[in-house]
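Let me begin by presenting the structure, written as structure tokens, before commenting on it.
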């Protein structure tokens, strides 16, 4: 779906009242050097989510995503599986209220 059409569709669904939530996840395993961030960004964009994904210095990947709860749950299932060359050992998850601070989903480079 084209981004502007997807955006209109998501705004319309928001008006129907499904709860928007924030997911903060840390993914552990063989998740760096296997295009995990690329596939995560692609999946999030396909689902119309906002937020970011970043490699952490301890070898994990950190993800913050906001969107409708049912869509975020689908995204979380992806995080548990990962892309074909990844091996996900565990995913730590914190839930919160959406803060609407993001306009897109991007790869973030932590310092």
Q. Taking only pairs six or more apart or across chains, which ones have beta-carbon atoms under 9 Å, a first residue in the stretch 97-111 that is on the phi > 0 side of the Ramachandran plot and modelled with pLDDT of 95 or more, and a second residue that is surrounded by 10 or more Cβ atoms within 10 Å (Cβ to Cβ) and outside any loop (DSSP other than H, G, I, E, B)?
A. 100/20; 100/50; 100/66
**Q.** Every residue from the stretch 14-42 that is in a strand (DSSP E or B) and under 13 Å from residue 85 (Cβ atoms)
**A.** 29, 30
Q | Subset of the stretch 57-80 [over 10 Å from residue 27 (Cα atoms) and out of contact with any helix residue (DSSP H, G or I) (no Cβ under 8 Å at 6 or more places or on another chain)] | A | 57, 58, 64, 69, 70, 72, 73, 76, 77
Q. In the stretch 34-69, what residues are without any contact (Cβ under 8 Å) to a residue 40 or more places away in the chain and on the phi > 0 side of the Ramachandran plot?
A. 59
Q: Would you check which residues across the stretch 70-88 are without any contact (Cβ under 8 Å) to a residue 24 or more places away in the chain and either within 19 Å of residue 18 (Cβ to Cβ) or part of a helix (DSSP H, G or I) (or both) and list them?
A: 73, 77, 80, 81
Q) Can you tell me how many residues in the stretch 1-42 are modelled with pLDDT under 90 and surrounded by 17 or more Cβ atoms within 10 Å (Cβ to Cβ)? A) 1
Q.
Out of everything in the stretch 43-69 that is part of a helix (DSSP H, G or I) and within 8 Å of the chain's Cα centre (by Cα), what residue ends up being surrounded by the fewest Cβ atoms within 10 Å (Cβ to Cβ)?
A. 43
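The values are calculated or read from the model by the stated rules, or taken from the named source; none is laboratory data. Because the structure is predicted, anything quoted here is derived from the model rather than measured. Using ideal geometry, Cβ is built from the backbone for each residue, glycine included, and neighbour counts are taken over all protein chains shown.
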